[in-house]
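Visitor: Pasting in a structure now, in structure tokens, and then I'll have a few things to ask.
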Amino acid sequence: MKKYILIIAVLSLWSCQTKTDKIQPTEQNLTQSVYTSVTIQPDSLYQAYAIVAGILDKNFVEEGDVIKKNQAISQIINNTPVLNTQNAKLSLDLANENYNGSAAILFGIKDEIEAANLKCKNDSINFFRQQNLWKQSIGSKAEFDAKQLSYQLSKNNLTLLKNKYNQTKNQLNTSVKQAQNNYQTSLISTKDFTVKSAINGKVYALYKESGELVNTMEPIASIGSATTFIIEMLVDEVDIVKIVKNQDVLITLDAYAGKVLEGKVFKIYPKKDERNQTFKVEAVFVNPPEVLYPGLSGEANIVISKKDNVLTIPKNYLINNNQVKTEGGLVTIATGLENMEFIEVTSGITKDTYIYKPE
């Protein structure tokens, strides 16, 4: 008697389980998407570096401050550029004095030219006078030759002095320009000791305090947009070919539990990260929440396809990727769109077909 009761109980249990696992396909709207993790970052986020090394004197801003483009962030101390600037200014003043001052070298050469010019004129008069006398057979040949030689030497000396003047003027002018360039370069080096913001934005981090050593390899601050935030997503390489710009993105953030935010794919980076075999994709919010912070994390689904009123079955009812178990046995079906739970059936069964969950 107990044996029959046990058989009946087993049959009853099997019957209940069969009824539970027997379903019919349903029509519904189906959305296919690519799942990805999410990190929120400010737009135009960058790290500010010092161009020169030194000691941090002070920070002009605090973390969280909104700043404007070219606003000073930090000041660095280094006496070497200041001394170089002073030396460059002294060299510039000396070059200007040599070129334009009352004791300039050019004034001395001008005086020599004037004296040489007067001597040349005097020697010219004496020569041509002696030449006229010589034509009249008056005077000696030696005296004529002496006057001619003096005149020729005077002309040559005048020409040399004029060439010397032009050459010296060019050299002094070049020295002034070089001194000006050196001075401007030293001024720029001095200005480089003030680190300024490259954008209008917000200070998200300061990495150095007053008195700390600053070099060109370590950042001073992290600056980014104060109002616009980017949704950074890491998409697996098997899914990246499905992603295009302007696709809808559904985002859930841990900080806004239970709230679905909408976005649009904005940028796809073509280089793969070899460490995690993913591609970086950026999206922007359609209606961003009022408060966002860098580093907020969450999840997202990038919508790659949508269909309305399609015949679907749960994916766990699928056998060998293209078959389902029916009352008449295994049936091969054709599938289409799918998401995490359901898959579209395009042919093979109808909405009136009963299918069974595989054991």
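The values are calculated or read from the model by the stated rules, or taken from the named source; none is laboratory data. This is a predicted model, so every value here is computed, not measured. Counting neighbours? That spans all protein chains shown, and the Cβs are built from the backbone with ideal geometry, glycine included.
Visitor: Quick check on my filter: what residues within region 238-271 are loosely packed, with under 13 Cβ neighbours inside 10 Å and touching a strand residue (DSSP E or B) at 6+ places or on another chain (Cβ under 6 Å)? Let's see the steps before the verdict.
Guide: From region 238-271, those loosely packed, with under 13 Cβ neighbours inside 10 Å are 238, 241, 244-246, 254, 257-260, 267, 270-271; that's our starting set.
Selection gives LYS245, ASN246, ASP254, VAL260, LYS267.
Visitor: Kindly check whether there is at least one residue in region 225-238 that is at positive phi and assigned by TED's automatic domain parsing to the domain that holds VAL281.
Guide: No, because not a single residue in region 225-238 is at positive phi and assigned by TED's automatic domain parsing to the domain that holds VAL281.
Visitor: Still on this structure, I have one more. When GLY258 is evaluated against the numbered criteria (1) on the phi < 0 side of the Ramachandran plot; (2) assigned to a loop (DSSP other than H, G, I, E, B), which criterion, by number, is the only one it fails?
Guide: Of (1) on the phi < 0 side of the Ramachandran plot; (2) assigned to a loop (DSSP other than H, G, I, E, B), only one is false for GLY258: (1).
Visitor: On the given criteria, is GLU359 acidic (Asp, Glu) and in contact (Cβ under 8 Å) with a residue 24 or more places away in the chain?
Guide: no
Visitor: Just the residues that are assigned to a strand (DSSP E or B) and either out of contact with any Lys or Arg (no Cβ under 9 Å at 6 or more places or on another chain) or more than 18 Å from VAL284 (Cα to Cα) (or both), please, taken from region 232-250. Don't jump to the end; show me each part of the working.
Guide: Step one: filter region 232-250 for residues assigned to a strand (DSSP E or B), giving 232-236, 248-250.
Of everything in region 232-250, those that are assigned to a strand (DSSP E or B) and either out of contact with any Lys or Arg (no Cβ under 9 Å at 6 or more places or on another chain) or more than 18 Å from VAL284 (Cα to Cα) (or both) turn out to be ASP236, LEU250.
Visitor: Within region 342-358, can you find the residues that are touching a strand residue (DSSP E or B) at 6+ places or on another chain (Cβ under 9 Å), surrounded by fewer than 15 Cβ atoms within 10 Å (Cβ to Cβ) and farther than 25 Å from SER33 by Cβ?
Guide: If the condition is that a residue be touching a strand residue (DSSP E or B) at 6+ places or on another chain (Cβ under 9 Å), surrounded by fewer than 15 Cβ atoms within 10 Å (Cβ to Cβ) and farther than 25 Å from SER33 by Cβ, then THR350, TYR354, PRO358 are the ones that fit.
Yes/no matrix, rows are residues, columns are (1) in the same structural domain as LEU250 (by TED's automatic domain parsing); (2) within 30 Å of SER44 (Cα to Cα); (3) free of Cβ contacts under 8 Å to residues at least 40 places away in the same chain; (4) outside any helix (DSSP H, G or I):
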{"position": "GLY295", "(1), (2), (3), (4)": "yes, yes, no, yes"}
{"position": "ALA300", "(1), (2), (3), (4)": "yes, yes, no, yes"}
{"position": "LEU311", "(1), (2), (3), (4)": "no, no, no, yes"}
{"position": "LYS325", "(1), (2), (3), (4)": "no, no, yes, yes"}
{"position": "LEU330", "(1), (2), (3), (4)": "no, no, yes, yes"}
{"position": "LEU337", "(1), (2), (3), (4)": "no, no, no, yes"}
{"position": "ILE343", "(1), (2), (3), (4)": "no, no, yes, yes"}
{"position": "THR346", "(1), (2), (3), (4)": "no, no, yes, yes"}
{"position": "THR350", "(1), (2), (3), (4)": "no, no, no, yes"}
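Visitor: Given (1) part of a helix (DSSP H, G or I); (2) exposed (fewer than 13 other Cβ atoms within 10 Å of the Cβ), identify the lone condition not met by LYS169.
Guide: Of (1) part of a helix (DSSP H, G or I); (2) exposed (fewer than 13 other Cβ atoms within 10 Å of the Cβ), only one is false for LYS169: (2).
Visitor: Where residues in region 285-341 are in contact with a Phe, Trp or Tyr (Cβ under 6 Å, 6 or more places away or on another chain) and among the charged types (D, E, K, R), which of them is surrounded by the most Cβ atoms within 10 Å (Cβ to Cβ)?
Guide: LYS325
Visitor: Follow-up question, since we're still on this one. Mind counting the residues in region 75-106 that are under 30 Å from LEU206 (Cα atoms) and at pLDDT 70 or above?
Guide: So the answer is 3.
Visitor: Checking the condition of a type in the set (Gly, Ala, Ser) and out of contact with any Phe, Trp or Tyr (no Cβ under 9 Å at 6 or more places or on another chain), which residue from SER225, SER175 passes?
Guide: Sole residue among the options that is of a type in the set (Gly, Ala, Ser) and out of contact with any Phe, Trp or Tyr (no Cβ under 9 Å at 6 or more places or on another chain): SER225.
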